[in-house]
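These notes are about the structure you will find just below.
The values are calculated or read from the model by the stated rules, or taken from the named source; none is laboratory data. If you're wondering where the values come from, they're calculated on a predicted model, not measured in any experiment. Methodologically, a virtual Cβ is constructed for each residue, glycine included, from the backbone with ideal geometry; neighbour enumeration extends over all protein chains shown. The area values use the complete protein model at the heavy-atom level, side chains included, leaving out ligands, DNA and RNA. Shrake-Rupley method; radii C 1.70, N 1.55, O 1.52, S 1.80 Å.
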Amino acid sequence: MLKKIVAIVLSAFFFLIAATIVLSIFLNSAMQSKSELRPFAITSGENMQAVAKRLEQEGLIRSALFLQIIAKIRNTDGSFQVGSYAIPQNLNSFQVHDYLTSGKQVLEKVTIPEGHSSTRIAKLLEDKGIVKKQDFLKAVKNKALLESTELKGLALNSAEGFLFPDTYYFNLNSSAEFVVRHLVTAFFNELKTIVPEFDLQSNKQLYEKVVLASIIEREYRDPSEAALMASVFNNRLKINKSLESCATVVYVMTEEQGLKHPERLFFRDLKRSSKYNTYIHRGLPPGPISNPGTVALKAAFFPDRSDYLYFVLKSPTATQHQFSKTFADHNQATVLFNKQR
């Protein structure tokens, strides 16, 4: 009788093991045979249970509980990394687990053009799904964040001017603070290449160079003229003559007054009230009007030497400017320009 009971118990035990193995094989099996990619994002603060449940709901695994068991066995409950993923549909549960704990996030390529303001950068990043516009703009003015970067000591209210324009790869739904910090770090990495000894300058000198570079960035069309433009602005600063940069007026109109980018400026525009308007205020504006790239930064730190005080485009479609030493010569160049409009 005892042997019979033992036999029944053993049979039940082995049947249970066999059933468990079969069930595990089934629960672990892929939902699809196709290798097509499915987008999936893990957000900050989302726990393992929530992630597993969504994976099941979205048809990427058969059982949320089975995935949780895998994570428990492997002690990876807290190892699912925040980010955006593209998960092949033919992965089994173990493979999905490994995929999400390996951090194989989808990276979105974004190119930030030279001369973009933080507002335009924010819109570009939002359009790419990297970060929300308002979150980015808030981070740009986060003083605690700025003080935790290479900007510490400059006592800035904004990272404007220090958001280096380049091509980047970011996770979708990235942290705004991370993106701002990354752009600022890229700026100083580039600055170290351009001016290895830049840190020998005072904070005031450094900031003024960046402000000047931001103006040059919005003024030059031909890179070969950038350093010559820098000399014009420096010459005007030395004699306390207003810079009269059209780019600063456009900044006032688009960034401060919310107007569309003008096709051309009128005399009334040159009188717009703003500390950034270098037609009515002498010296540099109170801050950068754009985020300059390598060409403009090099020009600001290594300007040409010249006696020029003016420049104007040679024609409406030209990429080069006519540089002049006197107001009379500049007027002649301007008249020629207007005749070609």
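Listed values, structure above:
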{"item": "Residues being in contact with a helix residue (DSSP H, G or I) (Cβ under 6 Å, 6 or more places away or on another chain) and open to solvent by 50 Å² or more (accessible area, probe 1.4 Å) - total across the stretch 141-152", "result": "1"}
{"item": "Some residue of the stretch 27-34 being among the aliphatic types (A, V, I, L, M), assigned to a strand (DSSP E or B), in contact with a helix residue (DSSP H, G or I) (Cβ under 7 Å, 6 or more places away or on another chain) and more than 30 Å from GLU256 (Cα to Cα)", "result": "no"}
{"item": "Breaking point among (1) surrounded by 15 or more Cβ atoms within 10 Å (Cβ to Cβ); (2) among the aliphatic types (A, V, I, L, M); (3) assigned to a loop (DSSP other than H, G, I, E, B); (4) over 15 Å from the mean Cα position of the chain (by Cα), for LEU163", "result": "(4)"}
{"item": "Single match in PHE170, PHE198 (criterion: of a type outside the set (Asp, Glu), modelled with pLDDT under 95, farther than 18 Å from ALA299 by Cα and out of contact with any Pro (no Cβ under 9 Å at 6 or more places or on another chain))", "result": "PHE170"}
{"item": "Residues that are within 17 Å of GLY45 (Cβ to Cβ) and part of a loop (DSSP other than H, G, I, E, B), drawn from the stretch 73-102", "result": "ASP77, GLY78, SER79, PHE80, GLN81, VAL82"}
{"item": "PHE170 open to solvent by 60 Å² or more (accessible area, probe 1.4 Å) and under 21 Å from SER44 (Cα atoms)", "result": "no"}
{"item": "Number of the exception - LEU259 against (1) touching a helix residue (DSSP H, G or I) at 6+ places or on another chain (Cβ under 6 Å); (2) farther than 30 Å from THR185 by Cα; (3) part of a helix (DSSP H, G or I)", "result": "(3)"}
{"item": "Residue in the stretch 302-309 that is open to solvent by 30 Å² or more (accessible area, probe 1.4 Å), modelled with pLDDT under 95 and of a type in the set (Asp, Glu) present", "result": "no"}
{"item": "Count of residues meeting criterion [farther than 26 Å from HIS261 by Cα and in a helix (DSSP H, G or I)] in the stretch 229-247", "result": "6"}
{"item": "Selected residue (only one of TYR168, TYR207 is of a type in the set (Ser, Thr, Tyr) and assigned to a helix (DSSP H, G or I))", "result": "TYR207"}
{"item": "Scan of the stretch 59-79 for residues that are under 25 Å from ASN173 (Cβ atoms) and at pLDDT 85 or above, ordered by number", "result": "GLY59, LEU60, ILE61, ALA64, LEU67, GLN68, ALA71, THR76"}
{"item": "GLU263 being within 20 Å of ARG120 (Cα to Cα), at pLDDT below 95 and acidic (Asp, Glu)", "result": "yes"}
{"item": "Inter-residue pairs, beta-carbon under 7 Å, first within 9 Å of VAL140 (Cβ to Cβ) and in the stretch 158-185, second open to solvent by 50 Å² or more (accessible area, probe 1.4 Å), 6+ apart", "result": "SER158/LYS141; ALA176/ASP135; ALA176/LYS138"}
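Residue-wise test of (1) open to solvent by less than 10 Å² (accessible area, probe 1.4 Å); (2) farther than 18 Å from THR319 by Cβ.
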site	(1), (2)
SER224	no, no
ASN234	no, yes
SER242	no, yes
VAL252	yes, yes
GLU256	no, yes
LYS271	no, yes
HIS281	no, yes
PRO286	no, yes
SER290	yes, yes
